[in-house]
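The values are calculated or read from the model by the stated rules, or taken from the named source; none is laboratory data. Just so it is clear, the structure is predicted and the values come from calculations on it, not from any experiment. Cβ placement follows ideal geometry from the backbone for every residue including glycine, while neighbour counts extend to all protein chains displayed.
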Amino acid sequence: MTQMTPTALHAWQSNRKQMRNCWQKSAAQKMLFAIICAAATLLTACERLPLWRTYSAAGLEAFANGDVARAEHFLTAAVKDAERHGPNDFRVAITLNILAGYYRTLERYNEAESLYERALAVAESRWAPNHPRIAGILENYSLLLSQTGRVNEGALMAGRAAAIRRSQSN
């Protein structure tokens, strides 16, 4: 098991404190906050990638604060910076997944779906078929499919994600 860097550990501990303070919010707010905290922790762990990390973190923070235009600006800048490292770089898959989740939350479903498809393609070219990051993209994509009335497709994606998660716990 890899160890967290001191910066990543501090961010994770800080996010846990913030999570404890948010339990009086609605279920949707709690889920959004949990996603933002998880993404921020992941981004903080990537200390060698300052510009990509900075844009992603700024986008997530702007989104959490309700500044939709600013969030989109920073998240698309993060994708562009990630793409500078190559079309199949892990940063591309991660930022596409984050941007797709942002669009899904805003009910911009067509944009979200194309980004989830692209994120999944990059992730599958980058990681083993049972990698947990692939499961995360599948879970998010399944939510989009369910939200757009494609429940059967969403269930298939969720089932595939669950199978990956089960394989990781063995």
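Residues of region 142-160 being surrounded by 15 or more Cβ atoms within 10 Å (Cβ to Cβ) and assigned to a loop (DSSP other than H, G, I, E, B), which ones? Hits for region 142-160 are T148, R150. Determine whether region 125-137 contains at least one residue that is over 14 Å from the mean Cα position of the chain (by Cα) and assigned to a helix (DSSP H, G or I). Yes, the conditions are met somewhere in region 125-137.
Within the option set I164, I137, being in contact (Cβ under 8 Å) with a residue 12 or more places away in the chain and within 16 Å of I35 (Cα to Cα) holds for one residue only, I137. Counted as qualifying within region 23-124 are the helices (runs of 4 or more DSSP H) with 3 or more residues that are exposed (fewer than 15 other Cβ atoms within 10 Å of the Cβ) and modelled with pLDDT under 90, namely 27-45.
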